[in-house]
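FYI, it's all coordinate maths here, none of it is from the lab. The model shown is predicted, which means the values in this text are computed figures rather than measured ones. A quick note on method: Cβ atoms are made from the backbone with ideal geometry, for glycine too, and the neighbour counts reach across all protein chains shown.
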Amino acid sequence: MNKAHVIEHLRFALEAQLTTAKVAAKTAHDTATHEENIAENKYDTLGLEAAYLAQGQAQRVNDCYKNIELFEPVFNEKPTDKIAIGSLVCLEDDNAAQKWFYLGPAAGGLTVNVKQHAIAVVTPGAPMGKQLLNKQIDDEITLTIADVAHEYMVVEIL
């Protein structure tokens, strides 16, 4: 796995999220300020609801900018022996199935596909992220999902 390619895919995905959020915010703002949404009486709340939506979409745009800002210094981190924020990690289960994760500062749940591998971003605040921090190659982690324990071994850190 080439970490530089993964980082480029993550950059593109973060920018795509920002673009989508901007379009949604613009649409919500236009709806909120459209003349057809002016309240005709005190029970007409369409304009108010549209304004709340516009405010939420504007916050989403701000969050996207913040995520991009948080990732930039992390993308330049040098690999270490221990998993840290900015590490690209390969885990292997008992059946030798591999899963790739990028330990990021934000945007948990974001997934990118690189050469037929899905790489999921996890944050240190997530259960998986907490378990990964400071682990080394050949360390094991156990993650319990729906009362079922899943065991993984760290096989690669980039």
Q: Measure off 7 Å from each Cα along the Cα-to-Cβ vector at A39 and E8, then give the distance between these two points in nanometres to one decimal.
A: 5.3 nm
Q | Separation in nanometres of the label points that stand 7 Å from Cα toward Cβ, at K22 and A96 | A | 4.7 nm
Q.
Quick check: convex hull of the Cα atoms in segment 3-75, volume per residue, rounded to a whole Å³?
A. 61 Å³
**Q.** Extension gain from V155 to E15, taking 0.36 nm per residue of separation minus the Cα-Cα distance
**A.** 47.4 nm
Q.
Sequence gap of 8 or more, or different chains, plus Cα separation below 19 Å: how many lysine pairs satisfy both in the chain?
A. 14
Q: Would you work out the relative contact order for the chain, in percent, from Cα pairs under 8 angstrom that are 6 or more residues apart?
A: 20 percent
Q: Using the number of other C-beta atoms within 10 angstrom as an exposure proxy, rank K135, K22, K78, K66 with the fewest first.
A: K78, K66, K22, K135
Q | Only Lys, Arg (+1) and Asp, Glu (-1) charged, at Cβ; segment 76-158 dipole about Cα centre in debye | A | 420 debye
